[in-house]
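Structure record follows, encoded as structure tokens.
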Amino acid sequence: MFQPDFVGNWQPPSYQYPMAETSTTPLFGVGAYVDVKFTRWIQLEAEGRWQRFNQNAGIYQDNYLAGPRVPIHRFWKASFYGKALAGFSTMNFDSLGDHGRFTTLAFGGGADIRLNRRFSIRAFDAEYQYWPAWGNTHLTPYGVSVGVGYRIF
């Protein structure tokens, strides 16, 4: 679930640039993540998120991000972590198909709970994104996700 920070308004007087504004309609979608653990302190995370459900006025966002993941604390079977990701996001602005691709920085964290050797539950993952060049301003979507993890190696 993500708050896209855009409701479809454009800045007057030319109405050429979109206007960042808190949305009351959150976006829902599906995603995938890959965590690579080189050592205890050197880890990477890559994620893709396609937020296409519960659209308001044809607005949706997709994210493609990667970066370092830092373990913070381990308690029982739960592993808490922080992350700083960078990449790009695509956004559809309206039902007419106006869209764009934007540089994205994301900061967040969460907790994974290990069920057994192969499966884990991503109990929560919170993320705050910053899109520095969005029209003539910036955008700051944020949200949370949950899921299931499967360990390959």
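For the reader, a short list of remarks on this structure follows.
- Relative contact order of the chain, pairs being alpha-carbon contacts under 8 Å that are 6 or more residues apart, as %: 18 percent
- Förster radius 41 Å - calculated FRET efficiency between Thr22 and Ala46, Cβ distance, rounded to 0.05: 0.90
- Distance in nm between pseudo-label sites at Val144 and Phe53 (7 Å out along the Cβ direction from Cα): 1.7 nm
- Tyr128-Leu96 pseudo-label distance in nm [points 7 Å out on the Cα-to-Cβ vector]: 3.4 nm
- Net charge of Cβ neighbours under 15 Å - reference Asn63; Lys, Arg +1; Asp, Glu -1: -2
- Over region 89-153, relative contact order from alpha-carbon pairs under 8 Å, at least 6 apart, %: 27 percent
- Kirkwood radius and radius of gyration were both taken over the C-alpha atoms of region 30-150, and their ratio Rg/Rh is 1.02.
Coordinate-derived values only; no laboratory data. Note that the structure is a prediction, hence the values are computed from the model and not measured. Methodologically, a virtual Cβ is constructed for each residue, glycine included, from the backbone with ideal geometry; neighbour enumeration extends over all protein chains shown.
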